[in-house]
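See structure below.
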Amino acid sequence: ADRAGREQALHRLERVFLPDAGVTGAGEHGAIAAACGAIEELDLEGNPISEWQPLLDIAVQLPRLHWLGLNRLPLQPLDALPDTFGATLGGLRTLCLSRTGMAWEQLLLIASAMPHLAELHFCANGVVSLEPASARGAAEAEGGEEGRAVGNLLCERLPALRTLWLEDNHLASWEGVAPLASLPHLEALNLSGNRIASLPRAHSGFRSLRRLLLRSNPISDWASIDGHPAAPTPRR
């Protein structure tokens, strides 16, 4: 009876947090689906997983998965997405990849298979620019404006993004952040702990932004934020 009760409890699990638990893979084929296939939120922070295939082997058994925490996983970069990547992780709405050392351009490759991604945590990854080389190449080939090419690529890769955490990176200017202005649904942006010294008084975009966090930036003129289009408007 006790065993049956434990099995029923596992079947009902929707949120599982396993930080630093020594998880290396999915174990026996189908075991996760059989034991706890109702999981919707899974946190694997700090486990010794460096390849994407073990993660795909786990996630494919969790059809309801929409929240995945991979902070502090030393994931090796992909040159191309595996064939099953989109079918397995395409339903994610929240993804945590802080302190992974992942490059921004690698993140955009991964996000291209996640059209519903609404919340992204990408803190402390040493990001210095949000401008991928692929966008620069497209602008040069078409003779177009580089900033517009970058914005178009971000809209293509992150079409549903509402919340973006970029805390404790190395972004040194507002110009480096400006490509995010094109994201149509971006409501919350955390840039705390970067190296931004000022905000320009005139800037277009950020039409949906309601929350902007700038703690621990070396901003010398806080008045530059007043009336800035990216600054949230108080709600009544």
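Pairs meeting the criteria (first residue in the range 9-35 and under 14 Å from PRO54 (Cα atoms), second residue open to solvent by 50 Å² or more (accessible area, probe 1.4 Å), beta carbons under 6 Å, at least 6 apart or on different chains) are THR24/PRO48; ALA26/ASP57. Taking the criterion of being more than 11 Å from LEU75 (Cβ to Cβ) and open to solvent by less than 10 Å² (accessible area, probe 1.4 Å), the only residue of the range 97-109 that qualifies is LEU108. Taking into account only those residues within the range 169-195 that are among the aliphatic types (A, V, I, L, M) and surrounded by fewer than 18 Cβ atoms within 10 Å (Cβ to Cβ), which is farthest from SER98 (Cα to Cα)? Top of the filtered list is ALA172. The single condition from (1) closer than 20 Å to ASN125 by Cβ; (2) in contact with a strand residue (DSSP E or B) (Cβ under 6 Å, 6 or more places away or on another chain); (3) surrounded by fewer than 16 Cβ atoms within 10 Å (Cβ to Cβ) that SER50 fails is (2). Hey, among the residues in the range 187-209 that are charged (D, E, K, R) and touching a Leu at 6+ places or on another chain (Cβ under 8 Å), which one's nearest to TRP165 (Cα to Cα)? Looking at the filtered set, the residue picked out is GLU187.
Of all residues in the range 159-168, which are open to solvent by 10 Å² or more (accessible area, probe 1.4 Å), part of a strand (DSSP E or B) and hydrophobic (A, V, I, L, M, F, W, C)? Hit for the range 159-168 is TRP165, nothing else. Between ALA133, ALA87, the distinction of being at pLDDT 95 or above and surrounded by fewer than 15 Cβ atoms within 10 Å (Cβ to Cβ) belongs to ALA87 only.
The values are calculated or read from the model by the stated rules, or taken from the named source; none is laboratory data. Fair warning: this is a prediction, and the values are worked out from it, not measured in the lab. Reconstructed Cβ throughout: ideal geometry from the backbone, glycine too, with neighbour counts over all protein chains shown. We work out accessible area using only protein heavy atoms, side chains counted, and drop any ligands, DNA or RNA first. Shrake-Rupley method; radii C 1.70, N 1.55, O 1.52, S 1.80 Å.
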